[in-house]
Every structure is written in C-alpha cells, then in structure tokens.
Amino acid sequence: MTAGISQSQSTPAWTRKATYAPAARSPRGRALGLPLAALAAVTLLLTQSRGGWLGAAAGSAVALGLRLGRPRLARWAVAVTAALVGGLLVLSAGPLADDLAARGGDRPLYWHVAWEDAAAHPIEGRGAGTFRISWLERGPPAISVQDAHSLYLETLAELGLVGLVLLAALLATPLVVALRRRGSGPLIAAAAGAYVAFLVHAGVDWDWEMPAVTVAGLLCGAALVAEKSSKCSYNPAEVIGEGAPR
C-alpha cells in the first residue's frame, strides 16, 4: 500500500488532471457547446456592437490561453485590449472627440464631457449620479443621455481617483488570479473569458447597469477567486501523504 501511495504522489500533475476528463470533452458536451457558440456568434453579428466584438475576442483569447496552459497569451490579450480601450477613451479627452463621434457614433462626446468633469474634480469627482447634469450643461441639446457609456470613466468623473482606484482594486482581483494560472479546466477558463468580456464591454457601454449583466459577470469573477481559494486550502496529495505509513 505504501508503494501505491508513493506512486500516486510521484505522478505528474497533468496526468492526475487528465484522469478527471471534463464533461465538455464528451460527445454530449460538444453537442451542447456547438449550438451555444453558434447562437452567441449570431447574436454578436446581429447586435453590430463593436464593443461586444472586442469583448468577445478578448475573452475568447483569455479562455483559450488559460485552457491550453499558456497564461502569456491570456496576459497579452488583456494588455492589448486594455491599450485599445484606454487609447480610445484618452483620445476622446481632446479635440478629436468630434471627429471620432462623426466616424463612430456619439460615445466620444459622452466621454469628452466625463473627462471635463474628471479634470475639474480629479480627486473626489463631481458626485455620484451627476453625469446626466453635466451632459445637460455641456452636451449637445439634441442628444439625450444619462450615462457616460464607460464604467471606468464615469466612475472617475463622478467619484474621482479615489472611486476609480477602489473600483479597479475590486475588479482586478479575479483577473489577476486568473492570469496567474498555468492551466485551467474548461469551466474556469470559460469563466475567466466571460469575466474579461464583461470588463471590456463595461469600459465602452452602459449595460453594466443592467443587473443580469453585472451579476453574471461578478459571479464569473467570484468563481475564479473561490476556485483559487479551494486549491490553496485543500490538497489531496498532501492529505494522502500525511496519512501514509512511514
């Protein structure tokens, strides 16, 4: 029996993981996954949401990188997407906002007004829920809008750097946990991809205010942290080793 336990302890981690093949690899799992993936693709095409396309691409790259045990791919996907979204938001702070709006919709105008509030009240912000007032004061009268269409920029405008730092610390924790992985099962990889898609889209739209969207995104983030905590608190190999005859 001692030899059997020693052999199980010396088995490589990837071999032990392969013993518990995920259900997603079964024919039934594939039969269910393919229609869902097709439905998601059709939905993205019909919505014509460029933010949705970007979020889906970033989330897919992160999920693929983690599933294949290539965290560097996932980190690069996050870095490139963050640079794209951040660059677009920063460009709207200056005189290019009107040009961007003429080419791609009114969002750069919303972001420009939010940047003005952030510049006027950099630390504490103008106050929660005040963007709509700022828009009425300085936005084009023909356009009616309630939100800045960016969770991060609206937080900066309304709650200042203090609010933005607290928000970033909260949302970044599951992302950091996910990107530190060297390999993940299909469910955890999918949760990480969905969480990244949520974070990306929250940066360029307002649907983070919809409970169904935000609750789903935060549950994915919570799953990443909870899975990491369970791994840290319980290691079957250590339990077997402690109970083995010496």
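Assorted remarks:
- Stretching the chain fully between Leu167 and Ile133 yields a gain of 10.0 nm (0.36 nm per residue, less the alpha carbon separation).
- Site pair Asp99 and Glu209 shows an inter-label distance of 3.1 nm when each label is modelled 7 Å from Cα along Cα→Cβ.
- Computed 3J(HN,Hα) for region 53-70, one whole-Hz value per residue from the Karplus formula 6.51 cos²θ - 1.76 cosθ + 1.60 where θ = phi - 60°, is 4, 5, x, 5, 5, 5, x, 5, 5, 5, 4, 5, x, 5, 5, 8, x, 10, glycine and proline marked x.
- Trp111, Trp76 arranged by Cβ crowding within 10 Å, fewest neighbours leading: Trp76, Trp111
- Pairs of Cα atoms nearer than 8 Å and 6+ residues apart set the relative contact order; for region 130-231 it is 32 percent.
Values in this text are rule-based calculations from the coordinates and carry no lab data. The structure displayed is predicted, hence computed values, not measured ones. When we count neighbours, we look across all protein chains shown, and the Cβ atoms used for this are built from the backbone with ideal geometry, even at glycine.
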